[in-house]
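Asker: Got a structure here, written out as structure tokens. Questions coming.
The values are calculated or read from the model by the stated rules, or taken from the named source; none is laboratory data. Worth saying up front: this structure is predicted, and the values here are computed from it rather than measured. Cβ atoms come from the backbone with ideal geometry, glycine included; neighbour counts cover every protein chain shown. Side chains included, ligands, DNA and RNA excluded: accessible areas come from the protein's heavy atoms. Shrake-Rupley method; radii C 1.70, N 1.55, O 1.52, S 1.80 Å.
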Amino acid sequence: MIFAANSNQNNIRNNNNNNNNNNNIEYLDWNNALAILNKAYNLGLFVLIIGPKGTGKTTLVRKFANHINKELLSINFSLRTRESHLIGTNTIDNGQINFVNGILVRSMTEGNILYLDELNAAEPDVLLRLDEALDDRKQIVLKESEGQIIKAKEGWFSIGTINPLSHVGTKELPPQIISRFPIRIMLDYPPEETELEIIKKHVNLNYNYEEVTKSAIKLANNLRKAASLEEIFYSPSLRETIAFSKLVTDNTNPKDAAEIVFANVYHQWGEIEYRKAMDIVTSIFI
């Protein structure tokens, strides 16, 4: 279950790992990332997860938090994210001025896991305040609250994720921020056989559907390769191959499903891009 930590509901989330919905998080740890996260946590070394959208970064973090039975507080960075979302703000209640902690300060005082999602979409002033908290002292001075010094409770831990710079809205992280996350995990698209196993965790596939899904995974990888070479503008994620499998198991024609899920998105870049994608679709689903 997701709760808003303040009024900016699109940016900030509070995931309570004691909720029953989190006890069944499906995550196939195909590159041993959970073990790396566990070692980093035990050593107190913050982690940066690098990879394109739709490779399971958020699911991995949620699974890890559930595994160590820690509450996960998360913030998704964008141009709209302000210092106040991290630090907090003064409010007036019955004539009294009160300081309401932001997501960063709250996580530090409670000793929870702070998940910094799409960190390289944050603005420089936001990163500057975050940098203060992430250094070895693990403390922050609240200029917004009479210079109060907040020290992180034992067990406080931070995990950040970034997308490749080819993604819209991303920026190169400053070196001082990168250095705060000395453990780095690359989470790319999994091998084809692993992607099939991931899909099976979400969709019930019989033999015929499994063979069709293998073709969809091949299609997705061809599109991903073309995107990496900047031949097309979009790289499909694991979400797309799962969506395709759900459509075909609901009796949608495979080629139609491929067009709906994989090709139609390219219309936003024009007919030429769409035709490029459809040529790849047709090469697999005749």
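Asker: How large is the dipole of the chain about the Cα centre if only Lys and Arg carry +1 and Asp and Glu carry -1, each at its Cβ, rounded to the nearest 20 debye?
Answerer: Here the size comes out at about 460 debye.
Asker: Can you find, among Ile260, Ser228, Thr55, the residue sitting farthest towards the positive end of the charge dipole of the chain, where Lys and Arg contribute +1 and Asp and Glu -1 at Cβ?
Answerer: Working it through, the farthest residue towards the positive pole turns out to be Thr55.
Asker: Would you mind calculating the gained length between Lys214 and Trp269 on full extension (0.36 nm times residue separation, minus the Cα-Cα distance), in nm to one decimal?
Answerer: 17.1 nm is the gain from fully extending Lys214 to Trp269.
Asker: Under a crude label model (7 Å from the Cα following the beta-carbon direction), how far is Lys255 from Glu192 in nanometres?
Answerer: Once both label points are built, they end up 2.1 nm from each other.
Asker: Could I get the Rg over Rh figure for the chain? Both from C-alpha atoms, Rh via Kirkwood, rounded to two places.
Answerer: Taking Rg over the Kirkwood Rh, I get 1.03.
Asker: With a bin width of 5 angstrom, please list the P(r) values of segment 83-165 as percents of all Cα-Cα pairs, from the 0 bin to the one holding the largest distance.
Answerer: 3, 14, 25, 25, 17, 9, 5, 2, 0, 0
Asker: What accessible area per residue, rounded to a whole number of Å², is obtained for segment 210-286 using a probe radius of 1.4 Å?
Answerer: Accessible surface, normalised per residue, equals 52 Å².
Asker: Ordered by residue, what ³J(HN,Hα) values in Hz, to whole numbers, does segment 123-134 give under the Karplus form 6.51 cos²θ - 1.76 cosθ + 1.60, where θ = phi - 60° and Gly and Pro are x?
Answerer: Once θ is set to phi - 60°, the couplings for segment 123-134 become 7, x, 5, 5, 5, 4, 5, 5, 4, 4, 6, 8 Hz.
Asker: If I take every Cα pair under 8 Å that is 6 or more residues apart in segment 18-177, average their sequence separation and divide by the length, what percent do I get for the relative contact order?
Answerer: Dividing the mean separation by the residue count of segment 18-177 yields 27 percent.
Asker: Computed from the mean reciprocal separation of all distinct C-alpha pairs, what Kirkwood hydrodynamic radius does segment 78-233 have, in Å?
Answerer: It is 18.9 Å.
Asker: Need one value: the accessible area of Glu83 in square angstrom, 1.4 angstrom probe, rounded to the nearest 10.
Answerer: In the full protein context, Glu83 sits at about 50 Å².
Asker: Could I ask something else about it? Given the C-alpha centroids of segment 261-286 and segment 219-241, what is the distance between them in whole angstrom?
Answerer: 11 Å
Asker: Just add up the charged neighbours of Glu210: K/R +1, D/E -1, any other residue whose Cβ is under 15 Å from the Cβ of Glu210.
Answerer: Around Glu210, the surrounding residues sum to 0.
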